[in-house]
Amino acid sequence: MQSTRIERAGARDADRLTALVQSSGAYRGRYRSIVAGYRLSPEYVERHEVFMSLDAAGRLLGFYSLVLDPPELELAFVADHAQGAGVGRRLVEHMIARARAFGLREVRVVSHPPAEQFYRRLGAEPVGTVPPSPPEGGWEGPGLRRTL
């Protein structure tokens with residue numbers, strides 16, 4: 001993907017970030033219950049380190065949310081049409097730089113099970129599993145730690 005940029009999301013971006021979550025092909029089938037009804041509020045976007053990747057025309061390619069306390073990559077999504085183009089890697093690299101700038105030493109990642117290998121390729125180490133949340137979600141998430 002040429003001519004992409006990463007910029008801070010604002011409250012005004014909450015709806016389009018939510019639309020990306022809701023349209024994610026990675027959450028079809030058995031994983032759908034995790035994002036069904038999920039919404040990023042403007043307050044959430046303002047409170048956390050939420051950054052988005054945009055193409056030259058300003059179209060949303062992906063985003064992440066870094067929660068500082070406790071340190072966690074809480075959300076990371078890449079649009080279906082942008083999968084495999086390096087968007088996710090660039091977002092994670094940006095997140096790592098932001099976390100380091102805040103003096104963090106590690107960041108927790110609770111991965112969507114099919115994305116675990118992606119995070120491991122980028123240096124995250126497995127530390128166990130995290131129970132479903134909510135419990136009716138139906139799957140345990142791989143727990144990972146990315147040392148900075």
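The values are calculated or read from the model by the stated rules, or taken from the named source; none is laboratory data. Please read these numbers as outputs of a predicted model, since none were measured by experiment. We place every Cβ from the backbone using ideal geometry, glycine too, and count neighbours over all the protein chains shown. To get the accessible areas, we keep the full protein, side chains included, count just its heavy atoms, and leave off ligands, DNA and RNA. Shrake-Rupley method; radii C 1.70, N 1.55, O 1.52, S 1.80 Å.
Normalised by the number of residues in the chain, the average gap of Cα pairs under 8 Å and 6 or more apart makes the relative contact order 20 percent. Remark: the chain carries a charge dipole of roughly 320 debye about the Cα centre, counting +1 on each Lys and Arg Cβ and -1 on each Asp and Glu Cβ.
Which residue, 76, 56, 124, has the most motion in a Gaussian network model of the chain that connects Cα atoms within less than 10 Å? Among 76, 56, 124, the largest GNM mean-square fluctuation belongs to 56. With protein chains left intact and a 1.4 Å probe, residues in the stretch 1-142 average 54 Å² of accessible area per residue.
Springs between alpha-carbon atoms under 10 Å, Gaussian network over the chain: tell me which of 70, 126, 113 tops the mean-square fluctuations. In this elastic network of the chain, the residue with the biggest mean-square fluctuation among 70, 126, 113 is 70. Mean residue ellipticity, 222 nm, helices only, the chain: the sum of -39500 (n - 2.57) across DSSP H runs of n ≥ 4, divided by residue count and rounded to 500, is -7500 deg cm²/dmol. Spin-label model, residue 26/residue 69: points 7 Å from Cα along the beta carbon direction are separated by 2.9 nm.
Run the numbers on the stretch 28-113 and let me know its relative contact order in percent, using alpha-carbon pairs under 8 Å that are six or more apart.
22
Solvent-accessible area of the chain (1.4 angstrom probe, protein heavy atoms only): carbon and sulfur portion equals 49 percent. Surface calculation, 1.4 Å probe, protein heavy atoms: residue 127 sits at approximately 80 Å² accessible. Each of residue 33 and residue 5 was given a label point 7 Å from its Cα along the Cα-to-Cβ line. The distance between the two points is 4.2 nm. Listed values for the stretch 27-34 are Karplus-derived 3J(HN,Hα) couplings in whole Hz (6.51 cos²θ - 1.76 cosθ + 1.60, θ = phi - 60°), namely 10, 8, x, 5, 8, 4, 4, 5, and x replaces Gly and Pro. Taking all protein chains together and a 1.4 Å probe, the residues 106, 49 rank 106, 49 from largest to smallest accessible area. Under the classification rounded if a/c is under 1.5, otherwise prolate if a/b is larger than b/c and oblate if not, where does the stretch 1-62 fall, given a ≥ b ≥ c as square roots of the Cα gyration tensor eigenvalues? In terms of gyration-tensor shape, oblate.
Comparing 44, 119, 64 in a Gaussian network model of the chain (Cα springs below 10 Å), the most mobile by mean-square fluctuation is 44. In the stretch 1-84, a dipole from Cβ-located charges (positive for Lys and Arg, negative for Asp and Glu) runs towards its positive end, and of 45, 25, 70 it is 25 whose Cα lies farthest in that direction. Amide H contacts for residue 129 (H built 1.01 Å from N in the peptide plane; partners 5 or more residues away or on another chain; cut-off under 5 Å): 143. Once backbone amide H atoms are built at 1.01 Å from N, residue 49 has 66, 68 as its partners under 5 Å, excluding neighbours fewer than 5 places away on the same chain.
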